[in-house]
Amino acid sequence: MNYSISDIQKITGAVWLKQADPAATTEQILLDSRHIIAPTVSLFFALAGARHDGHRYLPELYKAGVRNFVVSQQVEVANYPESNVLQVRNSLDALQLLAAHHRAQFHIPVVGITGSNGKTVVKEWLYQLLAPDFNIVRSPKSYNSQVGVPLSVWQMRPEHTMALFEAGISQPGEMERLARIIRPTIGIFTNIGPAHREGFSSKMQKTEEKMRLFAGVETLIYCSDYETIETAVKSSNLANRSYSWSKTGKAADFQIAEIQPLPGGATRISGVFSNLNSTSAQAQEINTGRSSQSQIRNPQSQIRNPKSAIEIPFSDAASIENAIHCWVLLHLTGIPQEQIAVRMRRLEPVEMRLELKAGINRCTLVNDFYNNDLASLRIALQFAAQQARAGKFTVILSDILQSGQDKDQLYEKVSSAIKEQAVTRLIGIGSEITAIRQKLPPDFESAFFADTDTFLQQFHNMEFRDELILLKGARPFEFERIARRLEQKAHKTILEVNLTALIHNLNVYNRLLRPGTKMLAMVKAAGYGSGSAELAKLLEFHKVDYLGVAYADEGIELRHAGVNLPILVLNPEPASFDALYRFRLEPEIYSLPLLDELVHFSGKTKRLAVHLKLDTGMHRLGFEPADMQALAERLRQFPNLEVRSVFSHLSASDAPQHDAFTHRQAAAFTEMFGQITDALGYVPLRHIVNTGGIARFPEYHFDMVRLGIGLYGIDSSGLQDQLRVVNTLKATISQIKNIPPGDTVGYNRNSGILEHDRRIATISIGYADGLLRLAGGGRYGVLIHGQKAPTIGNVCMDMTMVDVSDIPAAREGDEVIIFGENPPVQELAACLQTIPYEVFTNISERVKRVYWQE
């Protein structure tokens, strides 16, 4: 179902700037020049934001073969002679208008899902549960934003019989725009909580804003236990079009009678559906898209046995709530209760993240093996390509199941995606994926296996070395077995690094900058313990302007990893000047002796980019006012030293009691900067603001700001509530022992003599990993099964003992959270009498880093 550019011009009301081939058709919507898959059938919308403007990338896109553009600014169309260029007032509005038009062509059940949490899980579980009855299109991953929703809706095709779309908002006015695009016929309001609360004056305002998604639905499903949701529904015109449920006994259409834990982490849920007159109409509405193979039944037939029950293979409160939402929708769909019960028992976990971890033979492994469809494959390929750069890139791919597309067309698209992301080898597993063989270039390296067992039997004949490997498989193929063979065997303690959260934090600070202000991201000390190369590649992909490292060795590592951004080296040593020159690293010069050493190396012929550090009151490193005359003379004498920036460091940018001193620092910096520019004859970049000052001192953003610990989720300037946790340190329980009264635990018997029977767990982390000895003796507690387990005895080099007497569910092999969402790293830092910086950088190299993206 394709549109010509002429069609799109009429739909969006655009003006032609250039009309080369108005009959050209478009299949792909493109918003990012780095995500080109099929350039000849792509339509690029040039979105203009506060820091990034899509119009800047038109030459790059045209060179890559894109010929169709929607812009909101005047462009030099002579530079794009074979293009179609449409001009609109606002590119985002035009994108949403096109998506809304596309949605209007379909008359199938569309489920719109919103809420503070659980949207993606409910969507993915509904997909699992309803796939036997419907050909479903759904939001990729968590595409629920002002841009993500149009991309999701654009996937709708004539073969689809149901759609599942998420909608997420962060401020008033957004949901009405999304509602016009999704136009749901069925709504699910999962819950309401404090997420994104910064954009709303109250929880009720946020609830009412989210309710706008459901203005035109035939049926709204919600939990009446959430008071603000219940109030909003009852005060709206949806009261007679809603279906509520409750597990607390509140008035509702579906009453949960019992929630019973079962062995093995499962849960039995029983409840009573009420006999609603509207049920038949609801079933008829939802069943519009049911496949002919399904026997459609009126849910009222189930009311003869009013108490119904399901079992789910989960026990946490969030999963129970999500499952009940799904249960209600399946009930209203008319699926017999006995079938619902069978499907619920088969529910599978929803992995909403791509994992990046170390593999065998210096490989890097990207795991995304819990689902496999075309949309998620493209996302996984793009993520993996960020890390692969120009290196070897292998994809291990299973059959794509239940796509609803013609097999030949499907694998033609898969082939295009693989070629576009510069994959160098494909390993296909399954009976259908061999269809791609004829669509790849003749010299493309590939191998195919009937199933996972066959591949593993031949594993020893395969070469995996110094490459990036993407594992992308549908769940029945059990690619986790392949992952176990490819993963580097490592210490059980891991540091999980949430790349999605890191980019969220970057954008929190980006939104505070004036257009044109550059961003320097600090990745020194191995990215504050998180891993510098992996983070640097991601930050480069997201268009930061500069990276900062402490020493030349760190910068060289980034160059070897393929990072091309300018890199500022804060602590250069004369012995490293040759390496700085060869690897295009830019040293901080902070004193006349160091400048003389550099001049001795460079003479007047080697061109070097340098950054001048000024001491305005920190009194650590930097030129002082008395140095200005001598500095100016040397800069005039050696014009081959290009001063890229002049900067200083605020001593107390996050401390209001020292604001007067901060202003004096800025004034001193401005005066010294003027003397330097007079000597240079040109104006380099200025920067003085660090993480703590970005929010508090916008007047001192100058040309660039430096973002450090805030990138990793720590801020003391008032932004903490807007930031997300990036690092989570995890261990496992190695052994559990029952210790009788009178015994002691650990070295030096420092636990004291136990007065009662205690259940003690030994966990796989010690002070050699970064959990320092101050955390012992009950001064800190780790999280096991959602409960705090205090330390007991001393922290050992490789192990720590914790008391799990009050956590009966604790078992050997269970996960232990040292810090993350709960407990936060600030809690451990307080226990260790230090700051989060030190906690992060103390995490040893032997702790495996696992990077993941939602």
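The values are calculated or read from the model by the stated rules, or taken from the named source; none is laboratory data. Bear in mind the structure is a predicted one, so any value in this text is a computation, not a measurement. Neighbour counts run over all protein chains shown; Cβ positions are idealised from the backbone, glycine included. When the accessible area is computed, the model is the full protein with side chains, heavy atoms only, and any ligands, DNA or RNA have been set aside. Shrake-Rupley method; radii C 1.70, N 1.55, O 1.52, S 1.80 Å.
Of the helices (runs of 4 or more DSSP H) lying entirely inside region 461-571, those containing at least 1 residues that are closer than 26 Å to Tyr143 by Cβ are 480-486, 499-510, 532-541. Condition check for Phe661 on (1) crowded, with 17+ Cβ neighbours inside 10 Å; (2) modelled with pLDDT of 95 or more; (3) over 30 Å from Asp757 (Cβ atoms): one failure, at (1). Take the residues in region 176-201 that are under 24 Å from Phe44 (Cβ atoms) and out of contact with any Gly (no Cβ under 9 Å at 6 or more places or on another chain); name whichever of them is most open to solvent (accessible area, probe 1.4 Å). The qualifying residue most open to solvent (accessible area, probe 1.4 Å) is Arg180. Looking for something modelled with pLDDT of 95 or more, buried (at least 24 other Cβ atoms within 10 Å of the Cβ) and out of contact with any Phe, Trp or Tyr (no Cβ under 8 Å at 6 or more places or on another chain) - is there at least one such residue anywhere in region 153-162? Among the residues of region 153-162, not one is modelled with pLDDT of 95 or more, buried (at least 24 other Cβ atoms within 10 Å of the Cβ) and out of contact with any Phe, Trp or Tyr (no Cβ under 8 Å at 6 or more places or on another chain), which makes the answer no.
Scanning region 571-598 for residues that are out of contact with any helix residue (DSSP H, G or I) (no Cβ under 7 Å at 6 or more places or on another chain) and either under 18 Å from Phe647 (Cα atoms) or in contact (Cβ under 8 Å) with a residue 40 or more places away in the chain (or both) gives Asn571, Glu586, Glu588, Tyr590, Ser591, Leu594. Do the conditions hold for Leu220, that is, is it in a strand (DSSP E or B), free of Cβ contacts under 8 Å to residues at least 60 places away in the same chain and not hydroxyl-bearing (Ser, Thr, Tyr)? So Leu220 fits the description; yes.
Under 7 Å between Cβ atoms, at least 6 apart or on separate chains: pull out the pairs that start in region 720-734 with a residue that is over 14 Å from Ile765 (Cβ atoms) and end on any residue that is open to solvent by less than 20 Å² (accessible area, probe 1.4 Å) and among the acidic types (Asp, Glu). Taking only residues 6 or more apart or on different chains, the pairs are Leu723/Asp715.
Taken over region 828-844, the criterion of being open to solvent by less than 70 Å² (accessible area, probe 1.4 Å) and either of a type in the set (Asp, Glu) or touching a Phe, Trp or Tyr at 6+ places or on another chain (Cβ under 7 Å) (or both) is satisfied by Leu828, Cys831, Phe840, Thr841.
Only residues that are over 19 Å from Leu97 (Cα atoms), modelled with pLDDT of 90 or more and among the hydrophobic types (A, V, I, L, M, F, W, C) were counted in region 40-60, giving 2.
In the set Leu97, Leu43, only one residue is farther than 21 Å from Ala375 by Cα and touching a helix residue (DSSP H, G or I) at 6+ places or on another chain (Cβ under 8 Å); that residue is Leu97.
Considering region 124-133, the residues that are part of a loop (DSSP other than H, G, I, E, B) and touching a helix residue (DSSP H, G or I) at 6+ places or on another chain (Cβ under 9 Å) include one that is most open to solvent (accessible area, probe 1.4 Å), namely Pro132.
Show me the helices (runs of 4 or more DSSP H) entirely contained within region 367-459 in which 3 or more residues are within 20 Å of Val137 (Cα to Cα), of a type in the set (Phe, Trp, Tyr) and open to solvent by 10 Å² or more (accessible area, probe 1.4 Å). Answer list for region 367-459: none. Restricting attention to region 46-66, the residues that are open to solvent by less than 60 Å² (accessible area, probe 1.4 Å) and either in a loop (DSSP other than H, G, I, E, B) or within 21 Å of Gln421 (Cα to Cα) (or both) total 12. Residues that are farther than 24 Å from Glu208 by Cα and either touching a helix residue (DSSP H, G or I) at 6+ places or on another chain (Cβ under 6 Å) or buried (at least 24 other Cβ atoms within 10 Å of the Cβ) (or both) within region 104-123 comprise just one, Ile108. Filtered by the rule that a residue be over 13 Å from Ala14 (Cα atoms) and either over 27 Å from the mean Cα position of the chain (by Cα) or charged (D, E, K, R) (or both), region 75-100 gives Val75, Glu76, Val77, Ala78, Asn79, Tyr80, Pro81, Glu82, Ser83. No other residue among Val847, Val825, Val816 is open to solvent by less than 20 Å² (accessible area, probe 1.4 Å), closer than 27 Å to Ser532 by Cβ and either touching a helix residue (DSSP H, G or I) at 6+ places or on another chain (Cβ under 9 Å) or among the aromatic types (Phe, Trp, Tyr) (or both) apart from Val825. Here is a list: Gly173, Gly249. Which entry is more than 30 Å from Lys307 (Cβ to Cβ) and open to solvent by 30 Å² or more (accessible area, probe 1.4 Å)? That would be Gly173, the only listed residue that is more than 30 Å from Lys307 (Cβ to Cβ) and open to solvent by 30 Å² or more (accessible area, probe 1.4 Å). Number of residues in region 763-789 that are over 18 Å from Thr728 (Cα atoms) and open to solvent by 30 Å² or more (accessible area, probe 1.4 Å) equals 5. Checking each residue in region 137-162 for being of a type in the set (Asp, Glu) and touching a helix residue (DSSP H, G or I) at 6+ places or on another chain (Cβ under 7 Å) picks out no residue at all. Where strands (runs of 3 or more DSSP E) fall wholly inside region 737-845, the ranges with 3 or more residues that are within 24 Å of Leu711 (Cβ to Cβ) and touching a residue at least 24 places away in the same chain (Cβ under 8 Å) are 815-819. Between Leu86, Leu17, the distinction of being open to solvent by 20 Å² or more (accessible area, probe 1.4 Å), farther than 25 Å from Ser376 by Cα and among the hydrophobic types (A, V, I, L, M, F, W, C) belongs to Leu17 only.
For region 338-358, filtered to residues that are open to solvent by less than 30 Å² (accessible area, probe 1.4 Å) and at pLDDT below 95, the residue that is nearest to Ile221 (Cα to Cα) is Leu347. In the condition set (1) touching a strand residue (DSSP E or B) at 6+ places or on another chain (Cβ under 7 Å); (2) open to solvent by less than 40 Å² (accessible area, probe 1.4 Å), Asp32 is compliant with all but (1).
Picking from residues in region 15-39 that are of a type in the set (Val, Ile, Thr) and modelled with pLDDT of 90 or more, the one that is farthest from the chain's Cα centre (by Cα) is Val15.
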